[in-house]
1. When you count, for each residue, the other Cβ atoms within 10 Å and take the mean per peptide, how do 55-68, 35-48 rank with the highest first?
2. Calculate the FRET efficiency for residue 45 and residue 79 from the Cβ-Cβ distance with a Förster distance of 22 Å, rounded to the nearest 0.05.
3. Could you list which residues have their amide H under 5 Å from that of residue 3, counting only those 5 or more apart in sequence or on another chain, with H placed in the peptide plane?
4. Return the Cα extents of the chain along principal axes one, two and three, sorted largest first, each rounded to a whole Å.
5. Would you grab the residues whose amide H sits under 5 Å from the one on residue 67? Only those 5+ places off in sequence or on another chain, please, with H modelled 1.01 Å from N.
6. Taking 8 Å as the Cα distance limit and 6 or more residues as the minimum spacing, I'd like the relative contact order of the chain as a percentage.
7. Along region 15-32, what does the Karplus equation 6.51 cos²θ - 1.76 cosθ + 1.60 (θ = phi - 60°) give for ³J(HN,Hα), rounded to whole Hz, x for Gly and Pro?
8. Stretched out fully, how many nm does the piece from residue 72 to residue 32 gain, at 0.36 nm a residue minus the Cα gap?
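Please treat every number below as a calculation from the coordinates, not as lab data. This structure is a prediction, so every number in the text was calculated from the model and none was measured. No Cβ is skipped: glycine too gets one built from the backbone with ideal geometry, and neighbour counts run over all protein chains shown.
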Amino acid sequence: MFISEFGTQTFTGDGPNDLASATTWLKLLTSRKISYAMWSFSDSAQSNSVFRPGTCRGTRFTGTTVLTESGNFIRNQIRTATGAA
């Protein structure tokens, strides 16, 4: 099984991030050994975007300063394996 899309906001892909719920969701996926991909690997103005607006027009994509709150969240989840069983 593979979860093809999820975000840290409401189903609209915008609005405030709910990182507590997203963490709970990722812990469930990890405990069930289900792979996932977070949506919107983009730089739109919506809160679901991984990159800050304008990043994709530039040449710098590394580090955390180009990431949104949601982007930093998922980066940290991947790097620390939060929820590992």
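1. Final packing ranking: 35-48, 55-68.
2. FRET efficiency, residue 45 to residue 79: 0.30.
3. 35, 36, 37
4. 38, 26, 22
5. Under 5 Å from the amide H of residue 67: 52.
6. This gives 30 percent for the chain.
7. x, x, 6, 10, 5, 5, 5, 5, 5, 4, 4, 5, 5, 4, 4, 5, 5, 9
8. Result for the pair: 12.0 nm of gain on full extension.
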